[in-house]
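The values are calculated or read from the model by the stated rules, or taken from the named source; none is laboratory data. All values derive from a computational prediction rather than experimental measurement. Every residue, glycine as well, gets a Cβ built from its backbone with ideal geometry; the counts of neighbours run over all protein chains shown. With ligands, DNA and RNA removed, areas are computed over all heavy atoms of the protein, side chains included. Shrake-Rupley method; radii C 1.70, N 1.55, O 1.52, S 1.80 Å.
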Amino acid sequence: MLGTDLVERLRRSGYEVTAVTRADLDITDVDATHAAVAGHQVVVNCAAWTAVDDAEAHESEAFETNAVGAAALARAARAHRARMVQISTDYVFDGNATEPYAEDAPLCPASAYGRTKAAGEWAVRAGCADHLVVRTAWLYGAHGACFPRTIARAAAERGSLDVVTDQVGQPTWTADVADLVVRLVDSVAPAGTYHATAGGRASWYDFARAVVGAAGMDPGIVHPTDSAAFSRPAPRPAFSVLGHDGLDAAGVAPIDDWSQRWDLAAGAVLG
Ligand SMILES: NC(=O)c1ccc[n+]([C@@H]2O[C@H](COP(=O)([O-])OP(=O)(O)OC[C@H]3O[C@@H](n4cnc5c(N)ncnc54)[C@H](OP(=O)(O)O)[C@@H]3O)[C@@H](O)[C@H]2O)c1
C-alpha cells in the first residue's frame, strides 16, 4: 500500500527508482539484498509482515521479515554507502501514554508485531548509521485493504456499524507519508527517527463517521462502542498519537490535520 504510492511520488519528482516487490526480492535473502542495493543512493524499506493478529502465532516468521530483513537491507545500504529509510509503526509503543509520543520515547511494544518492528528499528540503527527511521500509523491508501474501504463496504451492506471510541490515533494517507519521505530525503534531514502521521487526533469511531459521510451515507449509522466488544489476538494500542518535534527541528513540514487530508484523499481511496 505505501510502497506503491512512494514509487509514484518518487517518479513524479524525477527520481530514478528501482521498485521491487516480494516476487523480485525477499529481503531476508542477504546476498540478493546486497546485490539489489548496489548502485542506489537511498533504500526505502516498505516491506513488512503487516498482519498484526497473525503475528501473535507466527512471531518468528514476522521477525524474519520485520527485523532480519530490515537488518539485511541496512547492512547492504551501509556497504554501498546508501541512506537507509526504514518504515516503522506506532505499535512499538504500548499505547498507554496520554500525551503524543516523542521520537525518543522508550519502546514498549505490547504485541508480537510491535516487538518485531521495534527489533527492525534497532537493527537499522545498528546496521547503517546513515538512516531515517520513519514511524507512521493508521495508514489508509488507494493500493491496499484499509479501514476506510472496509468501513464503506460494511456500511453499505449492513446499514449500521459499531465502531470503537477508546482507541485514538492519527488516520494517515499513504500518499502523505510518501510525500514526507521524499521531503525528508530531499532535505537531507539528519539521521534519526521521525514521525510521519497526520496532525490532530481521532478515534476509529470519529474516522468511521468521516468515511461514511464521504461515501454519501448518514454518519448517524455509526454507533459508538469500546474495545471490550471485540476480542482479537493482538492488543491494540489505546493511544497512538505521535508527536512531530523531530520534523520541526529538521525544518520539514509535518502532514496537515487528518480530517483535512481525508477530505482530499476520500475520492482516491474509496474510488
Ligand atoms: N498499514 C498500516 O496501518 C501501517 C501502520 C503503521 C506502520 N505501517 C508500516 O508501514 C509499512 C508499509 O505498510 P503497508 O500497509 O503498505 O504494508 P503492505 O501493504 O502489507 O505491504 C507490505 C509488503 O511487504 C511485502 N513483504 C512481506 N515480506 C517480505 C519479504 N520477506 N521480502 C520482500 N517483501 C516482503 C508484502 O508482500 P506480500 O503481500 O507478498 O506478503 C507486501 O507487498 C510497513 O513497514 C508497516 O509496518 C503500516
Legend entry - Selection within region 1-23 - in a loop (DSSP other than H, G, I, E, B), free of Cβ contacts under 8 Å to residues at least 24 places away in the same chain and within 12 Å of the ligand (Cβ to nearest atom): Ala19, Val20, Thr21, Ala23
Legend entry - All positions within region 231-271 that are of a type in the set (S, T, N, Q) and open to solvent by 60 Å² or more (accessible area, probe 1.4 Å): Ser231, Gln260
Inset, instruction - Please find, within region 56-91, the residue that is farthest from the ligand (Cβ to nearest atom) out of those that are of a type in the set (A, V, I, L, M) and under 23 Å from Leu242 (Cα atoms). - result: Met84
Inset, instruction - State which residue pairs qualify: first residue on the phi > 0 side of the Ramachandran plot and inside region 36-47, second residue of a type in the set (Ser, Thr, Tyr) and part of a loop (DSSP other than H, G, I, E, B) in any location, beta carbons under 9 Å apart, and separation of 6 or more residues or different chains. - result: Gly39/Thr18
